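No lab work stands behind these numbers, since they all come straight from the coordinates. As the structure is a computational prediction, the values presented were derived from the model and not from experiment. Cβ placement follows ideal geometry from the backbone for every residue including glycine, while neighbour counts extend to all protein chains displayed.
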Amino acid sequence: MQVEDIIRVNELSKKFGAFYAVNRISFNIHRGEILGFLGPNGAGKTTTIKMINGLLRITSGNVFVKGLNVKKQIKQIKAFTGYMSQKFSLYPLLTSLENIEFFGGISGLSRKEIKKFQQQIEDTIPIEILKQKIMDIPPGIKQQVALFTCLMPDPDIIFLDEPTSGVDPKNRRDFWMQIYKLKKAGKTILVTTHNLDEAEYADRIIIIHNGKIIRQGEPSSLLKNENMDSMEDLFKKAVTDDETN
């Protein structure tokens with residue numbers, strides 16, 4: 001069966017002064033897959049995801065999402081993409097219910113639809129927590145609310161930037177179960193993470209270091225090709241090879 005590339009990244013770069021945060025990287029994302037974007041803090045993961053979403057100006061190169069050019073057609077692209085930022089993208093002084101109302105409004109949802117979503121989240125999170133300010137609730141709950149608001153417009157393509165950062169192991173596992181459900185529903189998902197144990201959850205992974213892609217492929221194939229027993233060993237070898245070349 002032929003694979004459809006829903007996102008194409010070609011020679012993408014981002015330069016801050018003389019520093020290249022992302023340096024001429026190219027990769028594709030297939031429709032309906034989970035792509036894990038793996039690397040240490042500062043590797044260029046968030047910079048890349050922000051350029052794909054039109055939140056950072058591209059220095060050079062191109063990104064195409066469903067054939068649309070991010071540089072010229074970002075408004076059309078935003079209509080079918082969802083983005084959960086590294087800091088959960090919620091307003092800390094608003095409650096969960098108020099955040100849902102706000103983000104539903106800017107997504108163009110009707111009052112009736114927003115009310116329906118507020119009722120839906122009450123089925124999974126106690127109302128007394130939903131009425132607390134975001135700044136006062138646990139990270140795992142913030143994560144749930146942030147993902148919920150990201151998914152309200154029912155996007156085809158979902159970008160999750162460090163979604164499990166600061167979250168305990170149980171909540172991390174539960175979160176990945178939600179990601180699998182999204183994949184089964186036909187969504188395409190790009191997840192950035194610096195947690196090596198999460199890499200094998202993805203259909204394919206990209207390892208980025210110092211703004212450059214140093215490995216990419218299916219986790220099992222990469223481990224086999226490099227004769228490595230764990231993703232941690234593979235990552236260490238990839239970084240060492242990059243730094244010595």
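How big is the dipole moment of segment 75-118 about its Cα centre under a simple scheme where the beta carbon of each Lys and Arg is +1, that of each Asp and Glu is -1, and everything else is neutral? Debye, nearest 20, please.
160
About its Cα centre, how strong a charge dipole does segment 46-127 have in debye, to the nearest 20, once Lys and Arg get +1 and Asp and Glu get -1 at the Cβ?
560
Quick one: work out the % antiparallel among DSSP beta bridges in the chain, nearest 5.
Antiparallel bridges make up about 55 percent of those DSSP assigns within the chain.
Based solely on C-alpha atoms, express the radius of gyration and the Dmax of the chain in angstrom.
Looking at the chain, its Cα Rg and Dmax stand at 18.4, 59 Å.
Take the cross-link list Lys45/Lys115; Lys184/Lys237; Lys112/Lys187; Lys187/Lys212 and give me the ones stretching past 30 Å between alpha-carbons.
Lys45/Lys115; Lys184/Lys237
Just report the Cα centroid separation between segment 1-77 and segment 210-245, whole Å.
21
With the alpha-carbon atoms as the only input, what is the per residue convex hull volume for segment 46-100 in Å³?
93
Taking the number of other C-beta atoms within 10 Å as the exposure measure, put His30, His209 in order starting with the fewest.
Ascending number of Cβ neighbours within 10 Å: His30, His209.
Using the number of other C-beta atoms within 10 angstrom as an exposure proxy, rank Glu226, Glu162, Glu128 with the fewest first.
Glu128, Glu226, Glu162
When Ser96, Ser165 are ordered from fewest to most other Cβ atoms inside 10 Å of their Cβ, what list results?
If I rank by nearby Cβ atoms, fewest first, I get Ser165, Ser96.
Only Lys, Arg, Asp and Glu count, each charged at its Cβ (+1, +1, -1, -1), so figure out the dipole size of the chain about its Cα centre, rounded to 20 debye.
Using Cβ point charges on Lys, Arg, Asp and Glu, the chain gives about 1040 debye.
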